[in-house]
Amino acid sequence: MRAVLRSIKQQHRLNRPGLIQLTTLLWDRPLFEWRMMAVLLLDAFESLLGRSDIALLERLIRHSKTWAFVDELSIAVTGRLVERWTGLVDDLDRWSVDDDFWIRRAALLALLPQLRRGAGDFERFGRYADRMLNEREFFIRKAIGWVLRETGKKQPDLVYACCCLAVREPPASPSARP
């Protein structure tokens, strides 16, 4: 798949309509490899996407039903799109309360590229995570931990102050022990 992608990048000049058309053709074939190729194309040519393409990404994420597509679409494509078009955080806000846990996971992970670099909106992530903390869904809990771990690599004090202090119990004093 990556060799085919390299060939497309070297030999063909895709424009936005061509990217959308090719992505849709590949995605509409319900085979993992075809759909992964669509995801890889969107990643490779993400700079061609515009603000309105958030609807396409939401549709793909909603129909993914697997972390293999959702994570790549959320981080590599949606995350960069949201970074370029800051108004798209309104879409992420809506996603964060969606009934579909894959869409909620995407809202969390779309914030990861900026947070990973030590930038981004950690407060927004915190609001999303707070609402999702009681969820039993593994993929939501995993996404929260993943974003916290990656953010903590550049901003450990921020993660500690916002998360750990809120749940940490003070240690018992030595004189209080029986």
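Quick notes on this one:
- The number of residues in region 52-67 that are under 19 Å from F32 (Cα atoms) and either at pLDDT below 95 or not acidic (D, E) (or both) comes to 11.
- Test result for V70, under 22 Å from R131 (Cβ atoms), under 14 Å from the mean Cα position of the chain (by Cα) and at pLDDT 95 or above: yes
- Pairs with Cβ under 8 Å, 6+ apart, first in region 99-124 and free of Cβ contacts under 8 Å to residues at least 60 places away in the same chain and farther than 14 Å from F138 by Cα, second assigned to a loop (DSSP other than H, G, I, E, B) and hydrophobic (A, V, I, L, M, F, W, C): G120/L111; D121/L111; R124/L111
- Of all the listed residues (R35, R59, R80), the sole one being at negative phi, of a type in the set (D, E, K, R) and loosely packed, with under 13 Cβ neighbours inside 10 Å is R59.
- Among the residues examined, V82 does not qualify as more than 26 Å from Q10 (Cβ to Cβ) and either without any contact (Cβ under 8 Å) to a residue 24 or more places away in the chain or in contact with a Phe, Trp or Tyr (Cβ under 6 Å, 6 or more places away or on another chain) (or both).
The values are calculated or read from the model by the stated rules, or taken from the named source; none is laboratory data. Values in this document were obtained by computation on a predicted structure and should not be read as measured data. Because the Cβ atoms are built from the backbone with ideal geometry, glycine has one as well, and the counts that use them run over all protein chains shown.
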